[in-house]
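Below is one structure, written out as structure tokens, with a few remarks after it.
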Amino acid sequence: MRRQVHDVRDRVTGTGEGAPRQLRRKLGHADLRVVPETRRALRELLRHWGRPGRAEIAELLTSELVTNALVHTGRDAELVATVGPRGLRVEVRDKVAHRPELGVPDADTGTHSTHGRGLILVQSLADAWGVTALGVGRRSGKVVWFELAPEAGGAV
């Protein structure tokens, strides 16, 4: 049995002291194996960043955004994580203009739909988050992003 090898293209920039560092990663559509690999790459980027627990929150929220992009768009995506003195910003860009929706509790059962629950985590744990539309036509798409300060509850 041949082992399939998939291409992971990480690019880390900004190695000077005090300079923002950035991780860029192409994410192949429907390849959920990239989720744990992306968490590991982010963990390495954030090895000496923030108060205890902040990097773990960043990993969780990044997993949610990456998974959403791969599962719900059926297209490639790109992760850009930038960490600097003021905090962390993670962006997941895809080529589908449809905006993600938060899971809304069902009034009859009190449960959430199966879609959008990860975004509730992002909304709850991130210092800021949002969706930014990109272009029109063939260049359309969106960026779903979040920001975390190195300290809990801080402004980025």
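Couple of notes before you dig in:
- Members of region 122-150 found to be of a type in the set (D, E, K, R) and either part of a strand (DSSP E or B) or surrounded by 15 or more Cβ atoms within 10 Å (Cβ to Cβ) (or both), listed by number: ASP127, LYS142, GLU147
- The condition of being within 28 Å of GLU101 (Cβ to Cβ), at pLDDT below 95 and part of a helix (DSSP H, G or I) holds for only one of THR62, THR67, that being THR67.
- Flag for GLY153 being in contact with an Asp or Glu (Cβ under 9 Å, 6 or more places away or on another chain), at pLDDT below 95, loosely packed, with under 13 Cβ neighbours inside 10 Å and farther than 23 Å from LEU32 by Cα: yes
- VAL83 meets the stated requirement of being surrounded by 19 or more Cβ atoms within 10 Å (Cβ to Cβ), in contact with a Lys or Arg (Cβ under 6 Å, 6 or more places away or on another chain), within 18 Å of LEU125 (Cβ to Cβ) and touching a residue at least 24 places away in the same chain (Cβ under 8 Å).
- Some residue of region 54-71 being more than 14 Å from the chain's Cα centre (by Cα) and surrounded by fewer than 16 Cβ atoms within 10 Å (Cβ to Cβ): no
- All positions within region 70-98 that are outside any loop (DSSP other than H, G, I, E, B), of a type in the set (A, V, I, L, M, F, W, C) and out of contact with any helix residue (DSSP H, G or I) (no Cβ under 7 Å at 6 or more places or on another chain): LEU70, VAL71, VAL80
- For region 40-53, the tally of residues that are surrounded by fewer than 17 Cβ atoms within 10 Å (Cβ to Cβ) and part of a helix (DSSP H, G or I) stands at 3.
The values are calculated or read from the model by the stated rules, or taken from the named source; none is laboratory data. Treat the numbers as computed from the prediction; the structure is a model and nothing was measured. Every residue, glycine among them, receives a Cβ derived from its backbone with ideal geometry; neighbour counts consider all protein chains shown.
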